[in-house]
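Chemist: Here you go, one structure.
Here, each number is a calculation from the coordinates, and none is a lab measurement. Not measured: the values here are computed from a predicted model. FYI the Cβ positions are ideal-geometry reconstructions off the backbone, even for glycines, and counts take in every protein chain you see.
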Amino acid sequence: MGFETVSLLLNWMELGALLAILFRLSSTFTLIANTQRELRRAIHHLGESRAAELRINNASHDAGMTSVSHSPEARAGTMVPDDLAALSP
């Protein structure tokens, strides 16, 4: 084989390797995007369930029972970083 043939073959192999890397990166970015989407859904669902819990606590508080929520943020229905830290394993 001549030098030109080997050089052309190596160039095609290099191009193939670069394409393989790009396809692999594409699937990695897709995985990251899906994970981010699922985390947003989970946080949104957590916020909804927390708001429902606060409504129940406020209703029971109005009926004369004590509320479990102690922080002003919890009573307002907003989540703060301390709330998320308490929920992590």
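Chemist: If you rank Ser60, Ser26 by fewest surrounding Cβ atoms within 10 Å, what's the result? Don't skip to the end; give the middle numbers.
Modeler: Working: Ser60 13, Ser26 10.
Placing the least packed residue first, the sequence is Ser26, Ser60.
Chemist: Just grab the label-to-label distance for Glu53 and Glu4, each label 7 Å out from Cα along the Cβ direction, in nm (one decimal).
Modeler: Reported label-point gap for Glu53 and Glu4 is 7.4 nm.
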